[in-house]
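Any read-out appearing in this document is the output of simple, stated calculations on the displayed coordinates, not a laboratory observation. Keep in mind that what you see is a predicted model, and the values were worked out from it rather than measured. Because the Cβ atoms are built from the backbone with ideal geometry, glycine has one as well, and the counts that use them run over all protein chains shown.
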Amino acid sequence: MKNINVIFILFLSTIFAQVSVSDLNRLSNQQLDAIRAELQSNTQQVNDISEVENTSAPVLITPMDNIISEEYFGYNYLKKDISFFDNVPTPADYKLGPGDEIIISLWGENNSRESFTLNKDGMIYYNNIGFINLSNNTLESAEILLTEELSRIYSTLKDINNPTTLMLELGQLKSINIYFSGHIENPGINLVHPFSDIFSAIVQAGGIDNNGSLRTVQLIRNNQIITTVDFYSFFMNGTNTFSNIKLIDGDTIHIPSFKNRISISGEVNRPSSYELLSNESILDLIGYASGFSSDASSTLILNQIIPVEKRFSDDNARTSIALDFKNSKSTSLNNGDNVKVLPISDVDVNVEVFGRIKSPGVYPASSNRSLKYVLDIAGGFDDPIFRKTIRENEITILRKDENQFYSLEILTSYKDADKLQLMPNDKIFIYEDINYRNNFTYRVEGEVNKPGTFPLTAGTTVSQALEKAQGLTELSTLDNIIVYQEFTEIQDDGTEVTQIKDVASVSLDFVLGSRSVIKALPFENVINVEGNVYNPGLVAYDRGITMSQAIIQAGGYKPYSMKKRAYVRKANGEIDKANLFRGRTKRLSPGDTVVVPVNPDPSDFDITAFVADLSTTLANIAAILLIVDNQTD
């Protein structure tokens, strides 16, 4: 008889590596010590850096510091798209003139409503009366005049018993011709609203260009300057000094060039470029910039441009000086200068508290504050329960020391904290007494004689926990024990997540942790079959039943079943895979679950399943041939 030898070699190994991330936020005593050590080691590095900074060359202020965040101040006030003819009410002192339309309404004994336009001489023609001159009359005075004139044909206008009432109102208004010269966006003649003042007329002409003065705007009438307007008083504090003079047809508004424009940047509330008059100083400039910000220094940097007529050479056209604000009022300013207000420098005035305190963080240490003062603010020592968790006799202060490489460590207690004066940059470490914190428990649930929560001591095992619960009831067995344990992990974003998960392959010697849960499941005299079988569900348990037999009782494998990947899930969560003979020899226990997976892509050729099926077939043939060979002998 020829011997048949079948050799199957399958090698497959996978190695997984897990890297845990430490929790940087929870400051344990060990971590406090580590922080303290790190701060000590960094002291020398900080000192070295300070030495480098102290020996560096002075910083030169260049014209690049003139860059500011806003445009020239004030010009946008005069660049608005407004329909003045729809929005301006008639002023009481408006005087009628040629081109104005008036509406005369009569009611009472006589009723009528007629409109008239004043001719070039300021007159209207009224039937049966003739020409009436209304030029240079206000609406009120014109109404009195018309009442007098029309009473000649309407006698009831003056009749007390049967009165006729007359009312005069403006109809369509005439525009007036205003001439604009200088730095206006639309120079030349412009038609403007007849009620306009200098401000609204400039708005209607498109505003002042950036080279024009906002502070010496001239109103010229009959070739005479009748007023000069400084818009800054309105821009800065709302004082209106221009509306008391009404424009008349033929007026000229002239916008001269600005003389001095100074920019201010840095620690002011409204950095920009401002136009200064010849008698104004840095103090006025700061006022226009709405004053200093809260971080402003009293030191100002003045970057000056020397006027052409005063400079010896263009090589010396720029200069830069540092000024004390209190002594800067007498300093003259030139067109194009820039004032930079420096910020105040940082000053070390704080200490930092770490560890077992209610509000760890940064606290002020100036004015000779004591350690007790800061600790009382940080909180915890006046809380009798919280205080028990503090090692108040082991407070450590880390202080910079110019005489040694590492920082100086000062050990003290809360009792003596009022005697120790803090210094800026001190680091204060408060350690936790973890003995008072510990109050660990575990739970036993399910089919035990005494379920409940029990105190956890070091080394408590599952077996000992079941004894304290007075053992299992008749409805459970040791095979039905499940243990759940808190498991903490760090997410990819650094978030700490704690979950309750069941622990696989737990023995009676497994040591419990804090908040462990032991659950004794009830004894179930059935087998659960899931997955790709014809009749999934419960199968009656019979002593000695195998995995293969349970699958047969559930109807057997359906097509595309992954037979070699079938497995058993024990009642306690443990997973037991099928053996080489597809579970024919794998015996089950009550409460087990048999899972038969299905091939998710049956069109693919499964080489592993093919080799497994081939090996089983060849093994069966070899066994049969061996039996036949023995019988023939």
Completion exercise
Quick shape check on the stretch 441-520: root eigenvalues a ≥ b ≥ c of the Cα gyration tensor, a/c under 1.5 is rounded, otherwise prolate if a/b tops b/c, else oblate, and it reads prolate
Practice task
Output ³J(HN,Hα) for the stretch 246-254: one whole-Hz value per residue in order, computed from phi by the Karplus curve 6.51 cos²θ - 1.76 cosθ + 1.60 with θ = phi - 60°, and x for Gly and Pro.
Solution key: 8, 7, 10, 4, x, 5, 10, 10, 10
Completion exercise
Honestly the stretch 467-576 on the Cα gyration tensor test (a ≥ b ≥ c root eigenvalues; a/c under 1.5 rounded, otherwise a/b vs b/c for prolate or oblate) is just oblate
Exercise for the section: Taking the Cα centre of the stretch 259-343 as origin, work out the dipole magnitude from +1 charges on Lys and Arg Cβ and -1 charges on Asp and Glu Cβ, in debye rounded to 20. Expected result: 60 debye
Handout entry: Unit Cα scatterers, Debye sum, the stretch 259-343: log10 I(q)/I(0) for q = 0.26 Å⁻¹
Key = -1.36
Exercise for the section: Over the stretch 335-490, consider all pairs of different Cα atoms and compute the Kirkwood hydrodynamic radius from their mean reciprocal separation; express it in Å, one decimal. Expected result: 20.5 Å
Completion exercise
A convex hull over the alpha carbons of the stretch 388-479 yields, per residue, a volume in Å³ of 160 Å³
Practice task
Take the Cα radius of gyration of the stretch 98-170 and divide it by 2.2 N^0.38 Å, with N its residue count; two decimals is plenty.
Solution key: 1.06
Completion exercise
The long-range amide H neighbours of VAL268, using H built 1.01 Å from N in the peptide plane and a cut-off of under 5 Å, are SER293
Completion exercise
Whole-Hz Karplus couplings 3J(HN,Hα) for the stretch 499-507, θ = phi - 60° and coefficients 6.51, -1.76, 1.60, Gly and Pro as x, run 10, 9, 10, 7, 9, 7, 6, 7, 9
Fill in the blank from the handout: The set of residues whose placed amide H lies less than 5 Å from the amide H of THR227, leaving out same-chain residues fewer than 5 positions away, is LEU219
Exercise for the section: First check a/c for the stretch 304-399, with a ≥ b ≥ c the square roots of the eigenvalues of its C-alpha gyration tensor; if it is under 1.5, answer rounded, and if not, answer prolate when a/b is larger than b/c or oblate otherwise. Expected result: prolate
Problem - Length-normalised contact order for the stretch 98-170 - Cα pairs under 8 Å, 6+ apart - percent - result: 36 percent
Practice task
Quick one, can you get me the convex hull of the C-alpha atoms of the stretch 153-234 expressed as volume per residue in Å³?
Solution key: 175 Å³
Practice task
Quick one: which residues, 5 or more positions from GLU432 or on another chain, have an amide H under 5 Å from its amide H? H modelled 1.01 Å from N in the peptide plane, none for Pro or chain starts.
Solution key: ASN29, ARG356, ARG391
Exercise for the section: Return a whole-number percent for the relative contact order of the stretch 526-602, with Cα pairs under 8 Å and 6 or more residues apart as the contact set. Expected result: 40 percent
Exercise for the section: Compute the signed sum of charges (Lys and Arg +1, Asp and Glu -1) over the other residues within less than 12 Å, Cβ to Cβ, of ILE189. Expected result: -2
Handout entry: ³J(HN,Hα) computed for each position of the stretch 197-206 - Karplus, 6.51 cos²θ - 1.76 cosθ + 1.60, integer Hz, glycine/proline x
Key = 9, 4, 5, 5, 5, 5, 4, 5, 8, x
Handout entry: Dipole magnitude of the stretch 441-520 about its Cα centre (Cβ charges: Lys, Arg +1; Asp, Glu -1), debye to nearest 20
Key = 380 debye
Practice task
Could you tell me which of GLY544, ILE490, VAL511 has its Cα farthest along the dipole of the stretch 474-548 towards the positive end, charges placed at Cβ (Lys, Arg +1; Asp, Glu -1), taken about the Cα centre?
Solution key: GLY544
